[in-house]
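Report on one structure; see the data block that follows.
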Amino acid sequence: DGGITQSPKYLFRKEGQNVTLSCEQNLNHDAMYWYRQDPGQGLRLIYYSQIVNDFQKGDIAEGYSVSREKKESFPLTVTSAQKNPTAFYLCASGTGATGELFFGEGSRLTVL
Amino acid sequence: AQSVTQLDSQVPVFEEAPVELRCNYSSSVSVYLFWYVQYPNQGLQLLLKYLSGSTLVKGINGFEAEFNKSQTSFHLRKPSVHISDTAEYFCAVGSYNFNKFYFGSGTKLNVKP
């Protein structure tokens, strides 16, 4: 079935460690997005990519990095520079034409 | 700049009652408006969208929304809710070329028996 797969679903990290969240899609979408979700704050855009080998910072990019080497993949690295990384992270993709975003099931990161 | 405001963080309602979830947006350009639903520990699913045309938009699960340009609103309504509608609902606005989407803070709908 077509969709977006995020892994891992749950992740624990010690302070000072980098961690990479995986996002893979088989929908043949050009655009991919990473959002961070915190209670009561909705979704905030971290990074987005319109095409392979190109990406732009969103509203809260500090402490995060991404790559887009393949159309299907858009991994997010949460670095030790991110001061408050504990959150629910959502990956999404879209075509732009219809405006609809398709979301993965999310990755919950907890920093111990 | 664009922004989305959902004034109600929580809305309790009894089963089979009508409900309205409010959404207001601000934008200096034409926008496209969306409502998404999120069940616990899951991603978001599209309920409905307004791109152009009729201001009354019908979506899945019996939901509808009305675009009001003069009031910059896009309120979500359902005439009779079910227990299964208990979830968090997000209003979102998209830029003209859809390269960015801005989400509201969400409204938790709690349907009681």
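The residues of segment A:68-82 that are outside any strand (DSSP E or B) and in contact with a strand residue (DSSP E or B) (Cβ under 7 Å, 6 or more places away or on another chain), listed by number, are A:Arg68, A:Glu72, A:Phe74, A:Pro75, A:Thr79, A:Gln82.
Scanning segment B:66-84 for residues being within 14 Å of the chain's Cα centre (by Cα) and touching a residue at least 40 places away in the same chain (Cβ under 8 Å) gives a total of 7.
Which of the residues spanning segment B:85-113 are hydroxyl-bearing (Ser, Thr, Tyr) and either touching a residue at least 60 places away in the same chain (Cβ under 8 Å) or within 21 Å of A:Glu100 (Cβ to Cβ) (or both)? Let's see the steps before the verdict.
Of segment B:85-113, the ones hydroxyl-bearing (Ser, Thr, Tyr) are B:86, B:89, B:95-96, B:102, B:105, B:107.
Within segment B:85-113, B:Tyr89, B:Ser95, B:Tyr96, B:Tyr102, B:Ser105, B:Thr107 qualify.
Looking across segment A:68-112 at every residue that is farther than 27 Å from A:Gly16 by Cα, among the charged types (D, E, K, R) and open to solvent by less than 60 Å² (accessible area, probe 1.4 Å), the one that is nearest to the other protein chains (Cβ to nearest Cβ) is identified as A:Glu100. When we screen A:Leu101, A:Leu43, A:Leu21, A:Leu109 for residues that are touching a residue at least 24 places away in the same chain (Cβ under 8 Å), closer than 29 Å to B:Asp8 by Cβ and touching a Pro at 6+ places or on another chain (Cβ under 8 Å), the only hit is A:Leu109. Of all residues in segment A:33-67, those being in a loop (DSSP other than H, G, I, E, B), within 9 Å of chain B (Cβ to nearest Cβ) and surrounded by 15 or more Cβ atoms within 10 Å (Cβ to Cβ) number 1. Residues that are of a type in the set (A, V, I, L, M, F, W, C) and open to solvent by less than 50 Å² (accessible area, probe 1.4 Å) were ranked within segment B:51-64; the one that is nearest to the other protein chains (Cβ to nearest Cβ) is B:Val57. Residues satisfying the criterion are present in segment B:97-104 (criterion: part of a loop (DSSP other than H, G, I, E, B), at pLDDT below 95 and open to solvent by 60 Å² or more (accessible area, probe 1.4 Å)).
Within segment B:68-96, which residues are buried (at least 16 other Cβ atoms within 10 Å of the Cβ) and within 14 Å of chain A (Cβ to nearest Cβ)? Scanning segment B:68-96 gives B:Phe74, B:Ala87, B:Glu88, B:Tyr89, B:Phe90, B:Cys91, B:Ala92, B:Val93, B:Gly94, B:Ser95. Just for segment B:10-50: of the residues that are open to solvent by 20 Å² or more (accessible area, probe 1.4 Å), outside any strand (DSSP E or B) and modelled with pLDDT of 95 or more, which one is nearest to A:Leu90 (Cα to Cα)? Per the stated criteria, the residue is B:Arg22.
Okay, residues lined up against (1) within 10 Å of the chain's Cα centre (by Cα); (2) closer than 30 Å to A:Arg108 by Cβ:
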residue: B:Glu16; (1), (2): no, no
residue: B:Cys23; (1), (2): yes, yes
residue: B:Val31; (1), (2): no, no
residue: B:Gln38; (1), (2): no, yes
residue: B:Asn41; (1), (2): no, yes
residue: B:Gly62; (1), (2): no, no
residue: B:Ser95; (1), (2): no, yes
residue: B:Lys112; (1), (2): no, yes
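The values are calculated or read from the model by the stated rules, or taken from the named source; none is laboratory data. Not measured: the values here are computed from a predicted model. A quick note on method: Cβ atoms are made from the backbone with ideal geometry, for glycine too, and the neighbour counts reach across all protein chains shown. All accessible areas refer to the heavy atoms of the entire protein, side chains included, with ligands and DNA or RNA removed. Shrake-Rupley method; radii C 1.70, N 1.55, O 1.52, S 1.80 Å.
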